[in-house]
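Below is one structure, written out as structure tokens; comments come after it.
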Amino acid sequence: MEVADGTPLKKSLARSLRKEKLRALALIAPLLIFVLVTFVLPIGTMLTRSIDNSIVEEILPRTVLALEDWNEKGDELPNEMVFRSFVEDFQDAIADKNHTKIGSRLNYEVSGMSSLFRKSARKVKKWDLTDNAPIKQKLIEVNKAWGDVETWAVIKTHSVALTNGYFLNAVDMQRTPFGAQAQPENKQVLVKLFIRTLKMSLIITGMCILLGYPVAWLLANLSNRTSNLLLILVLLPFWTSLLVRTSAWKVMLQNQGVINDLLVWIGLITDDSRLEIINNQFGTIVAMTHILLPFMILPMYSVMKTIPPSYLRAAKSLGATNWTAFWRVYFPQSVPGIGAGSILVFILAIGYYITPEIVGGTDGIFISNRIAYHISSSLNWGLASALGAILLGVVLILYWVYDKIVGIDNVKLG
Amino acid sequence: MGTREPSLALDETNNAFVRFDRVQKSYDGESLVVKDLNLDIPKGEFLTMLGPSGSGKTTCLMMLAGFETATHGEILLDGVSINNIPPHKRGIGMVFQNYALFPHMTVAENLSFPLEVRNMGKSEREAKVKRALDMVEMGDFGGRRPAQLSGGQQQRIALARALVFEPELVLMDEPLGALDKQLREKMQFEITRLAHNLGITVVYVTHDQTEALTMSDRVAVFNDGVIQQLARPDMLYERPDNSFVAQFIGENNTLEGTVKSLTDDTAVVELDGGLQLQCEPINVDNVGQRTRVSVRPERAELNLNNLSQDACTLTGTVQEFIYMGDIFRTRISVAGCDDFIIKTPNSPNQKRLSPGQNVKFGLNKKDCRALDP
């Protein structure tokens, strides 16, 4: 096809649309740049930390090279050459004040490494290496851990620039000379934490559905005036600080709190058998259900609002009881709302931090609290990134599964 | 109220299939939407409730279906009061304004639904669904979703669904409102054909007077919560009981005036323009009372030789002449009325008038109805 002046129709059409496309692009450009700079970039760099391990190679380049020929699976110590390269690297590191960094990096894998590096540094700093005297024995005399095959095995195992070590740690395993192995029993906490996070998020989502559905139904079936008023009540929590709401639950649920006092006062429980309803999973579930409830109600409401009452009437006129009419006709049409609300609540819950931190105690915390711990306390950012990446992966997989089962087209957010 | 026909409560022998007995309905406790409704519908009748929006017709239908409760009075179905029977036990079929076909079910599932809730066996259900689909000529559409059908097709399915469980009474709430004119006319015919073939009683609500006239056995004209007239379509058109009905049904000319003299069968009305007109006294009680005389546009006679003894002759000025194909429509100013319409058939010897021209026409006494002011 050609237009009047002979240019092909497609080309002509593309030209006429180009201006519009450019304009559209210009309109979204500020947001696009903002999202790139403040979201994609930081998350991207954070995620690369989960596999980035170049620090060992950078600080101990000669040692890493020399260790290549050494068999870390045997029980023989590395040779003199390795020890000499190490001390050279170590002295450079001390001069650059990098030796503590490498110490803490290796300390993630085997505790004690950090103090080994710090203590040894004080002595090794002053050594003169020009006389070619044997170093191996001298270093072992400084700290007998240097005479331990395991110390060198750890250095060699964790000297690769890109490591799977953090991910193995994140699923309660470790990188050893003999491949990936399970962590000792007493250190296996993260998988349990992942499972608990998923389980509790599911419970919270379920509670939100149960509590939110009738409210959404009521909102959708009342007159506009009343429903707007009630909607404000639903939204009210949004205008209160999250911290305030969570702390309020602390006041309500604690041992000497409002609920326990009330139960003691009406005599349902005795004073010495007050209920443990905070600093455990129960407290987290109650507080988070309350906080996430609006995210369930709003999408459900917006879907239910579009279901005309004539469907229920039609079902009843056809002979269906109230329950059958609801279950066979109304409920299936409200499923997209439940789906949207569930996705929203579940994804928010799985990454929730503040509420479990405050009311969760030890057995009510989530994986995100562990991530925060590694970011700000243990400073093991690699592990934190690996945990974050796994969390992201789990959410994406669940999203995919959800799409397969329910269908994402069935989700209406408004 | 003059020679008003006893149109309400036609049947005093109490064998009405549906009976509204002194039914009143209020939503807000301050005003009545339905005021003292008495209505008997015999079995097999096609009754239309016609009226402007807000006249209470849909409320009546909803009370009959059970979705609204009567504030006062009783509704009887086959002699039994149904005031306290929930909608799903009334066994009344209903076609809704927007069809209300369940979007998450196929056409066949929609039709099967009323049978399933009646615990009917699978093979019996399938047979009935098939028969119902064939009845509305939609046999091949069982597997489709409602969204995949055109408006007319959805309408047929809604009809089939309301009929599939063989109710004796079917209610229809403006079922053709969303269709275009041609389809609507076709469906009007289909619905009346089906209703008569199946022998069901139909209560049909519409605000479209053509629909009401062409489909119904009787029409109840609603206004302001009251039935203004309940009569056969031809009676309604030719013998309206009051000004509202005259205005609402078909096209109508209104001439205002005062009653000069009144006998049992004739009222002489002095029109505001000064002319005197002999009328049928319908809704006038006293001499000197204001009245509106209603005349159908096609009843004004341009050929004065065709007039009867009691006719009056008027002279007016042509304001406008519109050629409409099958008819001519002439707007005339006469007796203080600027939009008196005369419709004349387009026949070879019919006069074509031009604006400004004076014209003489006659009105037979039986075509002039003196109604309430």
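The values are calculated or read from the model by the stated rules, or taken from the named source; none is laboratory data. Predicted, not measured: the structure shown is a model, and the values here were computed from it. Note that we place each Cβ from the backbone using ideal geometry, even for glycine, and neighbour counts take in every protein chain shown.
A:Asn369 meets each of the listed conditions (1) without any contact (Cβ under 8 Å) to a residue 40 or more places away in the chain; (2) under 30 Å from A:Thr306 (Cα atoms); (3) touching a helix residue (DSSP H, G or I) at 6+ places or on another chain (Cβ under 8 Å); (4) not small (Gly, Ala, Ser) apart from (2).
Does the range B:143-154 hold any residues that are of a type in the set (S, T, N, Q) and within 13 Å of B:Asn110 (Cα to Cα), and which are they?
Answer for the range B:143-154, where residues must be of a type in the set (S, T, N, Q) and within 13 Å of B:Asn110 (Cα to Cα): just B:Gln154.
Taking the condition crowded, with 19+ Cβ neighbours inside 10 Å, among the hydroxyl-bearing types (Ser, Thr, Tyr) and modelled with pLDDT under 90, does B:Tyr27 pass? No; evaluated as a whole, the condition is false for this residue. If we scan the range B:312-320, do we find a residue that is out of contact with any strand residue (DSSP E or B) (no Cβ under 7 Å at 6 or more places or on another chain) and either of a type outside the set (S, T, N, Q) or in a strand (DSSP E or B) (or both)? Scanning the range B:312-320, I find no residue that is out of contact with any strand residue (DSSP E or B) (no Cβ under 7 Å at 6 or more places or on another chain) and either of a type outside the set (S, T, N, Q) or in a strand (DSSP E or B) (or both), so the answer is no. Among residues of the range A:232-258 that are assigned by TED's automatic domain parsing to the domain that holds A:Gly283, those with a Cβ under 6 angstrom from a residue that is β-branched (Val, Ile, Thr) and exposed (fewer than 14 other Cβ atoms within 10 Å of the Cβ), sequence gap 6+ or separate chain, pair up as A:Met252/A:Val258; A:Gly257/A:Val251. Report whether or not B:Ala162 is in the same structural domain as B:Met94 (by TED's automatic domain parsing) and over 20 Å from B:Glu116 (Cβ atoms). In short, no. Only residues that are within 13 Å of chain A (Cβ to nearest Cβ), surrounded by fewer than 18 Cβ atoms within 10 Å (Cβ to Cβ) and either in a helix (DSSP H, G or I) or touching a residue at least 12 places away in the same chain (Cβ under 8 Å) (or both) were counted across the range B:107-127, and they come to 3.
All conditions in (1) outside any strand (DSSP E or B); (2) modelled with pLDDT of 85 or more hold for B:Gly273, with the sole exception of (2).
The set of residues in the range B:202-227 that are surrounded by 22 or more Cβ atoms within 10 Å (Cβ to Cβ) and either among the polar types (S, T, N, Q) or over 20 Å from B:Val18 (Cα atoms) (or both) comprises B:Thr206, B:Glu211, B:Ser216.
Residue count for the range A:346-371 under the criterion of being surrounded by fewer than 20 Cβ atoms within 10 Å (Cβ to Cβ) and either of a type in the set (Gly, Ala, Ser) or not in a helix (DSSP H, G or I) (or both): the result is 5. For the structure I just gave you, tell me whether A:Leu60 is at pLDDT 90 or above and among the aliphatic types (A, V, I, L, M). So A:Leu60 fits the description; yes. A Cβ distance below 8 Å, combined with a sequence gap of six or more or placement on separate chains, defines the contacts here; from the range B:252-267, residues that are closer than 17 Å to B:Asn364 by Cα and free of Cβ contacts under 8 Å to residues at least 12 places away in the same chain reach no residue that is loosely packed, with under 15 Cβ neighbours inside 10 Å and among the aromatic types (Phe, Trp, Tyr). Taking the listed residues A:Val35, A:Val3, A:Val40, A:Val64, the one that is surrounded by 15 or more Cβ atoms within 10 Å (Cβ to Cβ) and of a type outside the set (Phe, Trp, Tyr) is A:Val64, with no other qualifying.
Of all residues in the range B:91-100, exactly one satisfies the criterion of being more than 8 Å from every other protein chain (Cβ to nearest Cβ) and part of a loop (DSSP other than H, G, I, E, B), namely B:Tyr99.
The one condition from (1) in a helix (DSSP H, G or I); (2) under 38 Å from the mean Cα position of the chain (by Cα); (3) surrounded by fewer than 18 Cβ atoms within 10 Å (Cβ to Cβ) that A:Ala121 does not meet is (3). Here are A:Val286, A:Val264: which of them is assigned to a helix (DSSP H, G or I) and touching an Asp or Glu at 6+ places or on another chain (Cβ under 8 Å)? Residue meeting the stated conditions: A:Val264.
Need the failing condition index for A:Ser50 against (1) surrounded by 15 or more Cβ atoms within 10 Å (Cβ to Cβ); (2) at pLDDT below 90; (3) within 36 Å of the chain's Cα centre (by Cα); (4) assigned to a loop (DSSP other than H, G, I, E, B), just the number. Going through (1) surrounded by 15 or more Cβ atoms within 10 Å (Cβ to Cβ); (2) at pLDDT below 90; (3) within 36 Å of the chain's Cα centre (by Cα); (4) assigned to a loop (DSSP other than H, G, I, E, B) one by one, A:Ser50 breaks only (2). Just one of (1) touching a residue at least 12 places away in the same chain (Cβ under 8 Å); (2) more than 18 Å from A:Val154 (Cβ to Cβ) fails for A:Lys97. It is (1). Residue under question is B:Ile227, and the condition is that it be under 27 Å from B:Arg331 (Cβ atoms), in contact (Cβ under 8 Å) with a residue 24 or more places away in the chain and under 12 Å from the mean Cα position of the chain (by Cα); does it hold? So B:Ile227 fails the test. With A:Leu383, A:Leu344, A:Leu391 as the choices, which residue is at pLDDT below 90 and not aromatic (Phe, Trp, Tyr)? From the options A:Leu383, A:Leu344, A:Leu391, the qualifying one is A:Leu344.
The combined condition, being touching a residue at least 24 places away in the same chain (Cβ under 8 Å), surrounded by fewer than 20 Cβ atoms within 10 Å (Cβ to Cβ) and among the aliphatic types (A, V, I, L, M), is fulfilled by B:Leu194.
Within the range B:342-373, the set of residues being over 18 Å from B:Cys312 (Cβ atoms) and either part of a strand (DSSP E or B) or among the basic types (Lys, Arg) (or both) comprises B:Lys343, B:Thr344, B:Pro345, B:Lys351, B:Arg352. Here the range A:298-345 is the region considered, the condition is being surrounded by fewer than 17 Cβ atoms within 10 Å (Cβ to Cβ), assigned to a loop (DSSP other than H, G, I, E, B) and within 12 Å of another protein chain (Cβ to nearest Cβ), and the residue that is nearest to the chain's Cα centre (by Cα) is A:Thr306. Out of curiosity, is B:Val80 modelled with pLDDT under 90, more than 13 Å from chain A (Cβ to nearest Cβ) and within 26 Å of the chain's Cα centre (by Cα)? In short, no. Listed conditions (1) within 20 Å of A:Ile43 (Cβ to Cβ); (2) in contact with a helix residue (DSSP H, G or I) (Cβ under 9 Å, 6 or more places away or on another chain) are all met by A:Val359, apart from (1).
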